[in-house]
Structures are given as structure tokens and as C-alpha cells.
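Remarks on the structure that follows.
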Amino acid sequence: MEVPLLGGTANRGRVHRVGDTVRRPLRPTSSATHALLRHLEDVGFDGAPRVLGVDDAGREVLSYVPGHAVTAPAPAWGLTDHALRSVGRLLRRFHDAVAAFDPAPYHWSHPAPAPFDGRGIAHNDPNLDNVVFRAGEAVALIDFDLAGPGSPVWDVAAAARLWAPLRDPVDTDDSRRGRELERTRILVDSYGLDDAGREAFLPALRDSHVWMQEIVRDGAARGVPGFAAYWTPEAAARQERAMAWFDRNAAAIEEALRAP
């Protein structure tokens, strides 16, 4: 029996659980993603799915990661500071695990732009529904479709944007509202972001916001159902409000990262 899995945008309605496996559409960059996942398995990183092959329908077969993602409407446990700290720790373990992986032989869908494309591999989409939790702790990343060359701070900034969340508080209607800077500090401290990363955080935040916005906008223009459903005039307005909020609060964000 195939059970649809909730969450996601690009592959919405096309990802299914079959027993202890997950079936997902293959992509032109699947060979790169599979090489990355096999590397994670080889180095003993337990926070990602395993590649199991391709099924008779031409879909990739991955191991199912048991647990719960933070899908809408977000459960209260997924918005706690405890959950946020565990996301930071998981992201750091992932970056440490991929440090020795060479992305050069492979074709990637959306590498991070310069100057954030030089070192390491980024998940590129550490959204709430792409992190699996068990007992309130983040234990795994899923949906590596956008993974590619990128520096660690690129992922950390994206995670802060999504989890703190760093955006105009008018667009947050849960317990995180008004705590954007405090929660950003919690995330970067739990990750262990170094001084150079903290210096690069704000440019990475702005660039990753624009980068993801363009991916979604392009997907909507090409008729990708999930992107087309998401990219409404109100969604576009939210993105503009977020960018304006970054600019108004740039000094406060930088100060929050330096606070003792």
C-alpha cells in the first residue's frame, strides 16, 4: 500500500511511503544526491535517508526515516527553543559529515552563489517539514533535492530564516513572534557558528532569501504545481516584507550574533 507523505512543495503529492521505504521521482541531479547520501552512510551519519535503488515505476527508493516533521499546522513541540537547539546541533553534525565529500564530479541543481559556493555541501532547504523529530529532538534531514555546493553559513542563515523565523513579525502567528533575534542567537550558538560565520551571516541571510525566492518564482512560472499553488500575490508580498525587515533590522541582527 502506498501512503502519501505530507509536506514539500516541488514534489507535492508525488512522494509515497511503501512499508519502510519512500518512493520519490527521479531528477536530472539524482545521481549527485545519491552520491551524497551514500557518502553520509559511509561516514556513519545517521541523520539522512539511505539510497536503496530504483523501483519498477522509475522512482528512487530511499529508506523511511521514522519520526515526525513539523508540518502545518505546526505542533507546539516543533516551535520550542529545545527543538530549535536540536536543529542547530543536527545541522552541525551534517556539515561535519559532508566536509570530506567532493561535489566536483556531479551536476547539482542549484549551487549556492558566490561567495557562499566555495566550501562544503549545503542541504539548501532546512525547512520545518524537512527535519524529522523523535521525542522532541531533531534527528534527521530529508528531501535533499536542492542539496549542492555551499558553505555552512549558507545553511545556518537559511535555517534561521525559517526556524527563528527571521521575517517581519506580522507574518508570524505563533509563539515565536517577537523572539526572532533571540531565537536566531539560540540557533547559531547551538550550531557553534564561528566568528567568520557570524560575520558572513547577514549577507548569507539576504542572498539565501533571494535565491530561494527565485527558485519558487521560476517553478511557479514553469507550472510546477506545488510552486504555482504557493506563489500567490500574498506570498510575493510576504517575501518583500521579509527583505525590508532584514534591512531595517540589519544592525540588530548583527548585534544579536555578537551578544555575550
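The values are calculated or read from the model by the stated rules, or taken from the named source; none is laboratory data. Computed from a prediction, not measured in an experiment: that's the story for all the values here. When we count neighbours, we look across all protein chains shown, and the Cβ atoms used for this are built from the backbone with ideal geometry, even at glycine.
When the residues of the stretch 205-260 are narrowed to those that are among the aliphatic types (A, V, I, L, M) and under 17 Å from the mean Cα position of the chain (by Cα), which ends up nearest to Arg185 (Cα to Cα)? Can you show your working first?
So in the stretch 205-260, the residues among the aliphatic types (A, V, I, L, M) come out as 205, 210, 212, 215-216, 220-221, 224, 228-229, 235-237, 242-244, 250-253, 256-257, 259.
Those left that are additionally under 17 Å from the mean Cα position of the chain (by Cα): 205, 210, 212, 215-216.
Working: Leu205: 14, Val210: 22, Met212: 22, Ile215: 27, Val216: 28 Å.
This residue is Leu205.
Go over the candidates Gly178, Gly136 one by one and state the one that is within 20 Å of Ala48 (Cα to Cα) and either assigned by TED's automatic domain parsing to the domain that holds Thr29 or more than 14 Å from the chain's Cα centre (by Cα) (or both).
Values: Gly178 fails: within 20 Å of Ala48 (Cα to Cα).
Going through Gly178, Gly136 in turn, just one is within 20 Å of Ala48 (Cα to Cα) and either assigned by TED's automatic domain parsing to the domain that holds Thr29 or more than 14 Å from the chain's Cα centre (by Cα) (or both): Gly136.
Those residues that are assigned to a loop (DSSP other than H, G, I, E, B) and among the small types (Gly, Ala, Ser), I need them from the stretch 148-167; list them, please. It would help to see each step written out before you state the result.
Of the stretch 148-167, the ones assigned to a loop (DSSP other than H, G, I, E, B) are 150-151, 164-167.
If the condition is that a residue be assigned to a loop (DSSP other than H, G, I, E, B) and among the small types (Gly, Ala, Ser), then Gly150, Ser151, Ala164 are the ones that fit.
Scan the stretch 98-137 for residues that are buried (at least 20 other Cβ atoms within 10 Å of the Cβ) and among the charged types (D, E, K, R) and jot them down.
Hits for the stretch 98-137 are Asp125, Asp129.
Would you check if Asp125 is within 10 Å of the chain's Cα centre (by Cα), under 24 Å from Ser30 (Cα atoms) and in a loop (DSSP other than H, G, I, E, B)? Don't jump to the end; show me each part of the working.
Values: within 10 Å of the chain's Cα centre (by Cα): yes; under 24 Å from Ser30 (Cα atoms): yes; in a loop (DSSP other than H, G, I, E, B): yes.
It is true that Asp125 is within 10 Å of the chain's Cα centre (by Cα), under 24 Å from Ser30 (Cα atoms) and in a loop (DSSP other than H, G, I, E, B).
When Ala252 is evaluated against the numbered criteria (1) surrounded by 14 or more Cβ atoms within 10 Å (Cβ to Cβ); (2) of a type outside the set (Val, Ile, Thr); (3) out of contact with any Ser or Thr (no Cβ under 6 Å at 6 or more places or on another chain), which criterion, by number, is the only one it fails?
Ala252 satisfies every listed condition except (1).
Determine whether the stretch 197-209 contains at least one residue that is in contact with a Pro (Cβ under 8 Å, 6 or more places away or on another chain), under 19 Å from Pro111 (Cα atoms) and among the aromatic types (Phe, Trp, Tyr).
no
Would you check which residues across the stretch 164-190 are among the hydroxyl-bearing types (Ser, Thr, Tyr) and over 10 Å from Leu84 (Cα atoms) and list them? I'd like the intermediate steps shown before the answer.
As a first pass, look at the stretch 164-190 and keep what is among the hydroxyl-bearing types (Ser, Thr, Tyr): 172, 175, 184, 190.
Scanning the stretch 164-190 gives Thr172, Ser175.
Filter the stretch 168-181 for residues that are assigned to a helix (DSSP H, G or I) and of a type outside the set (Asp, Glu) and give the result. Outline the logic, then answer.
As a first pass, look at the stretch 168-181 and keep what is assigned to a helix (DSSP H, G or I): 169-171, 180-181.
Matches in the stretch 168-181: Pro169, Val170, Leu181.
Would you pick out the residues in the stretch 146-158 that are under 10 Å from the mean Cα position of the chain (by Cα) and within 26 Å of Arg17 (Cα to Cα)?
Leu146, Ala147
Out of the residues in the stretch 149-163 meeting the condition of being crowded, with 24+ Cβ neighbours inside 10 Å and in contact with a Ser or Thr (Cβ under 8 Å, 6 or more places away or on another chain), tell me which one is farthest from Asp81 (Cα to Cα).
First, the residues of the stretch 149-163 that are crowded, with 24+ Cβ neighbours inside 10 Å: 150, 152-160, 163.
Then keep just the ones that are in contact with a Ser or Thr (Cβ under 8 Å, 6 or more places away or on another chain); that gives 154, 157-158, 160.
Values: Trp154: 21, Ala157: 17, Ala158: 17, Ala160: 12 Å.
Going through the qualifying residues, I end up with Trp154.
Listed here are the residues, each with its yes/no results for (1) under 14 Å from Val132 (Cβ atoms); (2) in contact (Cβ under 8 Å) with a residue 12 or more places away in the chain; (3) out of contact with any helix residue (DSSP H, G or I) (no Cβ under 6 Å at 6 or more places or on another chain); (4) surrounded by fewer than 18 Cβ atoms within 10 Å (Cβ to Cβ).
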{"residue": "Pro4", "(1), (2), (3), (4)": "no, yes, yes, yes"}
{"residue": "Val18", "(1), (2), (3), (4)": "no, yes, yes, yes"}
{"residue": "Thr33", "(1), (2), (3), (4)": "no, yes, yes, no"}
{"residue": "Asp46", "(1), (2), (3), (4)": "yes, yes, yes, yes"}
{"residue": "Ser63", "(1), (2), (3), (4)": "yes, yes, yes, yes"}
{"residue": "His68", "(1), (2), (3), (4)": "yes, yes, yes, yes"}
{"residue": "Trp77", "(1), (2), (3), (4)": "yes, yes, yes, yes"}
{"residue": "Asp96", "(1), (2), (3), (4)": "no, no, yes, yes"}
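Checking the condition touching a helix residue (DSSP H, G or I) at 6+ places or on another chain (Cβ under 9 Å), on the phi > 0 side of the Ramachandran plot and surrounded by fewer than 20 Cβ atoms within 10 Å (Cβ to Cβ), which residue from Gly178, Gly226 passes?
Values: Gly226 fails: on the phi > 0 side of the Ramachandran plot.
Only one candidate qualifies: Gly178.
Basic (Lys, Arg) and either modelled with pLDDT under 95 or surrounded by fewer than 16 Cβ atoms within 10 Å (Cβ to Cβ) (or both): does that describe Arg217? Spell out the reasoning first.
Values: basic (Lys, Arg): yes; either modelled with pLDDT under 95 or surrounded by fewer than 16 Cβ atoms within 10 Å (Cβ to Cβ) (or both): yes.
Here the answer is yes, as Arg217 does meet what is asked.
Got at least one residue in the stretch 91-106 being in a strand (DSSP E or B), in contact with a Gly (Cβ under 9 Å, 6 or more places away or on another chain) and under 20 Å from His34 (Cα atoms)?
Just the residues of the stretch 91-106 that are in a strand (DSSP E or B), to begin with: none.
For the stretch 91-106, residues in a strand (DSSP E or B), in contact with a Gly (Cβ under 9 Å, 6 or more places away or on another chain) and under 20 Å from His34 (Cα atoms): absent.
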